[in-house]
Amino acid sequence: MRRTFLAAAALALASCATPTVEVPQRRAVATDPLPPMKRFDGARAAAPIRSNIDIARDFLALTFEMESGRQIARLTRFEGPVRVRMTGAVPPAATADLARLIARLRAEAGIDIAPAAAGETAGITVEFLPRAQMQAIVPQAACFVVPRVADWDEFRRKRFGDATDWTTLTVRDRVAVFIPADVAPQEVRDCLHEELAQALGPLNDLYHLSDSVFNDDNFHTVLTGFDMLVLRAIYAPELRSGMTRAEVAAVLPDLLARLNPGGAGRGSAGDPGPTPRSWTQAIETALGPRTPGPQRREAARRALALAEAAGWRDNRRAFSHFAVARLAMASEVEEAVMHFGAAAAIFRSLPGGAIHVAHVDMQMAAFALSSGQAAEALQLADRAIPPVRAAENAALLATLLMIRAEALDMLGRGAEARAARVDSLAWGRYGFGGEAAVRARAAEIAGLVPRAAQTVAAVGRAAR
């Protein structure tokens, strides 16, 4: 299940104006037609750079435990070809995004998966419906997956019974994925990646993972090399539905050595230990959109205190610093900068952490822009853009390009600014969706520029 509160928190800009910098009302954004939408080509992900010992431990936690902590007695998967169909109000970009995802699953995970032909029975049904209709029943889910049902009506009838309980499965043969139809193309794609992967395999999310979509922090938005390795292992001939955790654990070392020889010689980073419910609840409170601000800040600090007391130096500790920093940006700038720095230092040490550092750089670039530090904002944005492209996050890429355009304007580099702005709008159409949402984000970024810098930039543009 993809959670809405963390997805939004990972992309939303904090208020980046300091009390000592005068920030005017938002400037008008050009009303020319938006450029055509840009999208990623779905390139193959790099192999994980971790020890097979650690991958095996995470594999078992992902496949034999639920997010709630309930244990799953036996491995389940589809035994045979998997066919996928989409129903409901299918968004225009979803067909191409699903085709790219299926191509990756075939090539990288070795799964016999394809779109269902006319009249062919589908093992996985992806149904699109209004977000409000979905969240009336599952409020905190951006999208989710359910076994043994074929559509929304069947899910509503059976949702309180054993039929939709994953722990009662012996084999997978019919699964439904529910995705909102009225969201940005990127959010649809992100849901396709995570929920289709969970329909096929792992049912758990682990906050300590830094290189996976199976983590409710939502930094990774498309399936990673680690995720594809997990799926390839689940569908390897050495495994089958019905195997116990002990039986799978006995097979995993040789299986992973075959599938991931690069991980066989790496030393283990050590057991991260369980994530206590108290920390998870604190994070959920801190980043929950319905929680009042003071309670969110208190919860973020509580999560960090728990992480420090546990001695964590992994993604959970870094994410705790990140949450404190984001919530402090509006009123405690020095504290925010300190915690962003602490988060980035840990993220840099973690597998797959480049996209996490890019999120920190975006926040710091926005702050630099609001402080009139155009050169620093440009440097931070330029550093973040390559890993963001690699991670295929169009919303974050568009935001960075908008920051880049404003910084270039402040530096008098008008032609480069115009090119960056057009590029940002093209990516924004995929990342944010409708024209109003794209222009609103562009106006938000433009509004960060201090009044004096706006005047200088406007004079420069008039002179050109």
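Give the number of residues within the stretch 191-215 that are within 18 Å of ALA358 (Cα to Cα) and of a type outside the set (Gly, Ala, Ser).
4
Table: residues versus (1) among the aliphatic types (A, V, I, L, M); (2) touching a Pro at 6+ places or on another chain (Cβ under 6 Å); (3) surrounded by fewer than 14 Cβ atoms within 10 Å (Cβ to Cβ).
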{"site": "ARG70", "(1), (2), (3)": "no, no, yes"}
{"site": "ALA93", "(1), (2), (3)": "yes, yes, no"}
{"site": "ALA107", "(1), (2), (3)": "yes, no, yes"}
{"site": "PHE128", "(1), (2), (3)": "no, no, no"}
{"site": "ASP153", "(1), (2), (3)": "no, no, yes"}
{"site": "ARG174", "(1), (2), (3)": "no, no, no"}
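With the condition kept exactly as written, say whether any residue in the stretch 70-79 is of a type in the set (Lys, Arg) and in a strand (DSSP E or B).
Yes; the residues of the stretch 70-79 include at least one that is of a type in the set (Lys, Arg) and in a strand (DSSP E or B).
Take the residues of the stretch 156-186 that are outside any helix (DSSP H, G or I) and acidic (Asp, Glu): which is farthest from TRP427 (Cα to Cα)?
So the residue we want is ASP165.
If I filter the stretch 57-67 for residues that are in contact with a strand residue (DSSP E or B) (Cβ under 7 Å, 6 or more places away or on another chain) and in contact (Cβ under 8 Å) with a residue 24 or more places away in the chain, do I get at least one hit?
yes
With the requirement that a residue be farther than 25 Å from ALA236 by Cα and among the aliphatic types (A, V, I, L, M), what does the stretch 127-157 give you?
LEU129, ALA132, MET134, ALA136, ILE137, VAL138, ALA141, ALA142, VAL149, ALA150
Scanning for something over 21 Å from the mean Cα position of the chain (by Cα), surrounded by fewer than 24 Cβ atoms within 10 Å (Cβ to Cβ) and over 27 Å from SER210 (Cβ atoms), does the stretch 375-390 turn up at least one residue?
yes
Name the helices (runs of 4 or more DSSP H) wholly within the stretch 235-345 that hold at least 3 residues that are surrounded by fewer than 16 Cβ atoms within 10 Å (Cβ to Cβ)?
In the stretch 235-345, 245-259, 277-287, 293-310 are the helices (runs of 4 or more DSSP H) which contain 3 or more residues that are surrounded by fewer than 16 Cβ atoms within 10 Å (Cβ to Cβ).
If you go through the stretch 187-202 one residue at a time, do you hit one that is crowded, with 24+ Cβ neighbours inside 10 Å, under 20 Å from the mean Cα position of the chain (by Cα) and either on the phi > 0 side of the Ramachandran plot or part of a loop (DSSP other than H, G, I, E, B) (or both)?
Looking through the stretch 187-202, at least one residue is crowded, with 24+ Cβ neighbours inside 10 Å, under 20 Å from the mean Cα position of the chain (by Cα) and either on the phi > 0 side of the Ramachandran plot or part of a loop (DSSP other than H, G, I, E, B) (or both).
Every number here is computed from the coordinates shown, using simple stated rules; none is lab data. Being a predicted model, the structure only gives us computed values, none of them experimental. Using ideal geometry, Cβ is built from the backbone for each residue, glycine included, and neighbour counts are taken over all protein chains shown.
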